[in-house]
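J.: Can you read through this structure? Questions will come right after.
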Amino acid sequence: FNEPFVLVGDTGGGKTTVCQLYAALNGSELSIVNCHQHTETSDFLGSLRPTPADLAAKGKLFQWVDGPLVTALKKGHYFMLDEINLAEDSILERLNSVFESGRSLTLPEKGSKRIEEIVGHVGFRIMATMNPGGDFGKKELSPALRNRMTEIHVPSSMGIEEDLRVILREKLQGRDQFLPVLLDFIHFFTESESKGKRPLSVRDVVSWIEFVLRSEALGLTPEQAVIQGCDAVILGGIGIGTGQSAEA
């Protein structure tokens, strides 16, 4: 199972957690880089940085510091690009050779007389996560990169009743009186007009439950905690009330 892969699924579906568990089960350290629109190649590869004072005194003002990808290649760690499709294609194309079977990388950025070429350690693995292309402005990966990775689509646990009940019971810590209310709202929300604004994720529901449990300690009644938690964590995040029917 050495082939690079990318997990594709909605926000809060557990993609990052799956990668963390995969690394832990195989006894490997996992390095994660969270991609964004301003991600640069130096975030992966490393860069020249000012040297400590003792070396600077000898005339060496800068030294190369390996980035997380280079370190993972050399030491055989696992490496993950989180939200890979947020980074610019021109940045990701610099990593194409790492996604190929040779797992190699050249580093002309070091500025040394001889260009360093790194061949990945036998234990090295590279993986990525992303939301579906077109989801809130996110784009698809370039064809060149997609051809180098196996895409695995991760279904949302929100659509699997049995999984959802297990998650809710675990987080409610024995307060099963909240379970019917939460399930009723989740079913209503996912089938209503709100679905077009933003899908409800497991992460949203877990945050709601945490709000409820903490609010109880502050003196709120269970009903108040549930309603205010829903308003603060879920409804407030989607601008509820705009474009909604009176019935909804």
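FYI, it's all coordinate maths here, none of it is from the lab. Keep in mind it's a predicted model, so treat the numbers as computed, not measured. Heads up, the Cβs are rebuilt from the backbone with ideal geometry, glycines too, and the neighbour counts pull from every protein chain shown.
J.: Explain nothing, just the number: relative contact order of segment 34-115, from Cα pairs under 8 Å at least 6 residues apart, as a whole percent. Spell out each step's value before the answer.
T.: On the way: 85 pairs, mean separation 28.6, N = 82.
Value for segment 34-115: 35 percent.
J.: Let me ask you something else. Pick the calculated percent of Cα pairs over 27 Å apart for this structure from (i) 51; (ii) 58; (iii) 38?
T.: Identified label for the calculated read-out: (i).
J.: Quote the relative contact order of segment 100-190 in percent (integer), defining contacts as alpha-carbon pairs under 8 Å separated by 6+ residues. Could you put the intermediate results ahead of the total?
T.: Values: 38 pairs, mean separation 11.2, N = 91.
Result for segment 100-190 is 12 percent.
J.: Using the Kyte-Doolittle scale, which helices in the chain average at least -1.0 and also have C-alpha atoms spread 20 Å or more along the helix axis, with helices defined as whole DSSP H runs?
T.: Details: long enough: 202-217 (23 Å, 0.48).
Answer set is 202-217.
J.: Follow-up. Using amide H atoms built in the peptide plane, which far-off residues or other-chain residues are under 5 Å from residue 67 H to H?
T.: Excluding prolines and chain starts, which carry no amide H, the hits are 46, 47.
J.: May I pose another question? Report the relative contact order of the chain, percent, no decimals, based on alpha-carbon pairs under 8 angstrom and at least 6 residues apart.
T.: Numbers: 338 pairs, mean separation 55.8, N = 248.
After rounding, I find 22 percent.
J.: PRE reach from residue 216 (point 7 Å along Cα→Cβ): which of segment 140-179 fall under 16 Å by backbone N?
T.: 168-179
J.: How large is the dipole of the chain about the Cα centre if only Lys and Arg carry +1 and Asp and Glu carry -1, each at its Cβ, rounded to the nearest 20 debye? Each step should come with its number before you reach the end.
T.: On the way: 25 positive and 33 negative charges, 238 e Å.
Charge dipole, the chain, about its Cα centre: 1140 debye, nearest 20.
J.: If each of residue 162 and residue 101 carries a label point 7 Å out from its Cα toward its Cβ, how far apart are those two points in nm?
T.: 3.9
J.: I've got another one for you. Which whole-Hz couplings ³J(HN,Hα) result when phi for each residue of segment 102-112 is put into the Karplus expression 6.51 cos²θ - 1.76 cosθ + 1.60, θ = phi - 60°, listed in order with x for Gly and Pro?
T.: Those phi angles translate into x, 6, 10, 7, 9, 10, x, 4, 5, x, 7 Hz.
J.: Among the DSSP beta bridges whose two residues both lie in segment 5-153, what percent are antiparallel, rounded to the nearest 5?
T.: Working: 9 of 26 bridges.
Percentage antiparallel, nearest 5: 35.
J.: Something else about it: Report, in whole Å, the centroid distance computed from the Cα atoms of segment 204-218 and segment 60-129.
T.: Measuring centre to centre over Cα atoms gives 41 Å.
J.: Sticking with this structure for a sec: In whole Hz, what ³J(HN,Hα) sequence does segment 120-125 give by Karplus (6.51, -1.76, 1.60; θ = phi - 60°), x for Gly and Pro?
T.: Result, rounded to whole Hz: x, 4, 4, x, 5, 9.
J.: Quick one: which residues, 5+ away or cross-chain, put their amide H under 5 Å from the amide H of residue 125? H built at 1.01 Å from N.
T.: 78, 79
J.: Ok, one more. As an exercise, use a Förster radius of 22 Å and the Cβ-Cβ distance of residue 227 and residue 188 to find the FRET efficiency, rounded to the nearest 0.05. Don't skip to the end; give the middle numbers.
T.: Numbers: r = 14 Å, r/R0 = 0.65.
E between residue 227 and residue 188, to the nearest 0.05, is 0.95.
J.: For segment 29-170, just the Cα atoms, rotate onto the principal axes and tell me the three extents in Å, largest first.
T.: Computed over segment 29-170, the largest-to-smallest principal extents equal 66, 36, 33 Å.
J.: Past 28 Å, Cα to Cα, is the threshold; run 15/171; 15/139; 110/139 against it and keep the listed order.
T.: Working: 15/171 19 Å; 15/139 18 Å; 110/139 31 Å.
Distance filter (> 28 Å) returns 110/139.
J.: While we're here: By how many nm would the segment from residue 60 to residue 34 lengthen if fully extended, with 0.36 nm per residue of separation less the alpha-carbon distance? Mind showing how you got there, number by number?
T.: Numbers: separation 26, 0.36 × 26 = 9.36 nm, distance 3.20 nm.
Stretched fully, the residue 60-residue 34 segment lengthens by 6.2 nm.
J.: Provide the gained length on full extension for the span residue 75 to residue 93, in nm with one decimal, where the gain is 0.36 nm per separating residue minus the Cα-Cα distance.
T.: Details: separation 18, 0.36 × 18 = 6.48 nm, distance 2.28 nm.
The span from residue 75 to residue 93 would gain 4.2 nm if fully extended.
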